[in-house]
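Notes for the one structure printed next.
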């Protein structure tokens, strides 16, 4: 399989390492140095593109992939306000796209657990819910895309939670902040070189319930993105990791 890496930061490098170990070929890379030279013709002889770039570049990269007729896997977040437009274009033109706020298999299992837990906890109004996420100090966005996805899953089950309240902190010893009844609090802690820790907490005066995903390295994200790239080749349409992992069918079985 011949791959183009649209973005060659830590994630791009991790994907490259795994791809080369599987005897795939990286035939094109978009880096900070050549980003302005990237054109649809750059994708000739490419089977699939994998985008881990910047929110400001993602949509333009997707459109160039569409123009070249190359399926694209997008791990960049921060562009979902244009998702409906991209989806319509993909469906109208027979293009192929996989997007996810997190391609880690473990995180997508965590997403499913979060949805199931939220569907149960909504029946018990003695509990309040919040999200904590921890990342390295170089991470620019906050809350993380993963935390926002977790929040969306929770808010779908809790109509009373209609607003996200975010708090960015740099000291884990700072006391937690309270939120109003209609607010879902996300606390974003930036420290050290943490790959990513996400915790959903339900708290009552009697007890607490927590589920946590702790990413030990970027390997899980890179492995999942490459799995998505293998899966999307030859398909048409817009997909997520839900479609690839087929977790609903696994639960039924």
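Axis angle, to the nearest 10 degrees, between helix 105-121 and the longest C-alpha principal axis of the chain: 30 degrees.
For the chain, DSSP calls about 35 percent of its internal beta bridges antiparallel.
Separation of the stretch 1-58 and the stretch 168-191, taken as the distance between their Cα centroids, equals 36 angstrom. Considering only beta bridges that DSSP places wholly inside the stretch 105-215, some 55 percent are antiparallel. Dividing the Cα radius of gyration of the stretch 53-181 by its Kirkwood radius returns 1.02 for Rg/Rh.
Principal-axis analysis of the Cα atoms of the chain puts helix 83-93 at an angle of about 30° to the longest axis. Sorting 62, 244, 251 from the fewest to the most surrounding beta carbons within 10 angstrom yields 251, 244, 62.
Axis angle, to the nearest 10 degrees, between helix 219-232 and the longest C-alpha principal axis of the chain: 50 degrees. In terms of packing, defined here as the mean over residues of other Cβ atoms within 10 angstrom, the peptides 140-147, 122-129, 71-78 line up highest first as 71-78, 140-147, 122-129. Mean projection of the Cα convex hull over all viewing directions, computed for the stretch 130-190: 3.9 nm². Peptides 28-41, 105-118, ordered by how many other C-beta atoms sit within 10 Å of their residues on average, highest first, read 105-118, 28-41.
Pairs of Cα atoms in the stretch 105-215 fall into 10 Å distance bins, from 0 up to the last occupied one, in shares of 14, 50, 31, 5 percent.
Calculated on the alpha-carbon coordinates, the convex hull of the chain measures out at 141 cubic angstrom per residue. Relative to the 2.2 N^0.38 Å rule of thumb, the stretch 1-87 has a C-alpha radius of gyration ratio of 1.02.
None of the figures in this text is laboratory data; all of them are computed from the coordinates on show. Because the structure is predicted, anything quoted here is derived from the model rather than measured. A quick note on method: Cβ atoms are made from the backbone with ideal geometry, for glycine too, and the neighbour counts reach across all protein chains shown.
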